[in-house]
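Values quoted throughout were computed directly from the atomic coordinates according to the rules given, and no laboratory measurement underlies them. Remember, it's a predicted structure, so these values are computed and weren't measured experimentally. Note that each Cβ is placed from the backbone with ideal geometry, even for glycine, and that neighbours are counted across all protein chains shown.
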Amino acid sequence: MRGRLITIEGIEGVGKSTNMAFIQSILDARGIPSLMTREPGGTGLGESIRKLLLNKEQQGMGALTELLLMFASRAQHVEQVIEPGLAGGKWVICDRFTDSSYAYQGGGRGLPLELIARMEALVLKDFCPDCTFILDLPVETGLSRAENVGAKDRFESEHTDFFKRVREVFIARGKSEARCHIINADQTLEKVQSEILSVLTALLDAD
C-alpha cells in the first residue's frame, strides 16, 4: 500500500521538530514504516541549496531567486526521497513543504500567490501532502522561543512584520485547504499532541 505524506508547517519556534518525532512515534507504535525529512533540504543537492538560502551573507538574494531555489530543492526532494518513500509504503513526515513557499516567499517577501501557484503546478503538478499540520503561535511568542535555539539564520533574522505576514498566509491556507489542520501551539505540549493524535488517528483509520 502506498504511504502518506504528512507535512508540518508554522513560523519559527512553534515546535515542529518535537511534534514530528511524536508523529513518528505514533506510526512506530502501529508498525507503520516512516521517514522524516525537511525542506529546504532532504537530499545532497537540497542541503547545498539550504545552506545558500539560510546563509546570512546572502542578504541580497532576490525574492524570485529564493522561490526558484526553494522549488529546485523541492523537485529533487520529491523525485529522490519523497516519492520513492511513498511508493515503497512508507509514511513521509516532512518539516515544511509548499505551504511554506506561499507563506514565506508569498506573504513574507510579497511575491504574488498566483506566481507561486503556477510554480507549484509546473514542478509538482497535482502532487500534494495528504495531511498538513499548521502549528500556530503569536509571532512574538514563536520568536521568543526560537531565541533559545541558537544563532539566527537569514530567515530567522527577519523583522516581526515579516513573520506576521507569514503567519497570516499560513492561517489563510489552513482555513482554505481541507488537508490542513491548524493546531494552537500556544497551549501545553500535551494538548497540542492530543489534537495531533486525533487527526492522525482519523487518517490512519481511514486506510
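Quick notes on this one:
- Shape call, segment 162-207: gyration tensor on alpha carbons, a/c limit 1.5: oblate
- For the pair segment 95-147 / segment 30-75, the C-alpha centres are spaced 13 Å from each other.
- Estimated 222 nm signal from helices in the chain, with DSSP H stretches of n ≥ 4 weighted -39500 (n - 2.57), rounded to 500: -15000 deg cm²/dmol
- Shown for the chain: lysine pairs separated by 8 or more places, or found on different chains, whose C-alpha atoms are under 19 Å apart, numbering 7.
- Residue of GLU120, GLU83, GLU158 that the Gaussian network model of the chain assigns the largest fluctuation, springs spanning Cα pairs under 10 Å: GLU158
- Ranking of HIS77, HIS159 by count of other Cβ atoms within 10 Å, fewest first: HIS159, HIS77
- Stretch in the chain that is longest and holds no trypsin sites (Lys or Arg not before Pro) that DSSP places in a loop and that have at most 14 other beta carbons within 10 Å: 31-124
- The value of relative contact order for the chain, using C-alpha pairs under 8 Å at least six residues apart, is 33 percent.
- Rg to Rh, two decimals, where the chain supplies the alpha carbon set and Rh follows Kirkwood: 0.94
- Highest-MSF residue in the chain out of ALA185, ALA72, ALA87 [GNM, Cα springs under 10 Å]: ALA87
- The modelled label-to-label distance between LEU54 and THR201, using points 7 Å beyond Cα along the C-beta direction, is 3.5 nm.
- Amide H to amide H, with H built 1.01 Å from N, ARG109 comes under 5 Å of no residue 5 or more places away or on another chain.
- Prolate/oblate/rounded label for segment 1-113 (Cα gyration tensor, a/c 1.5): prolate
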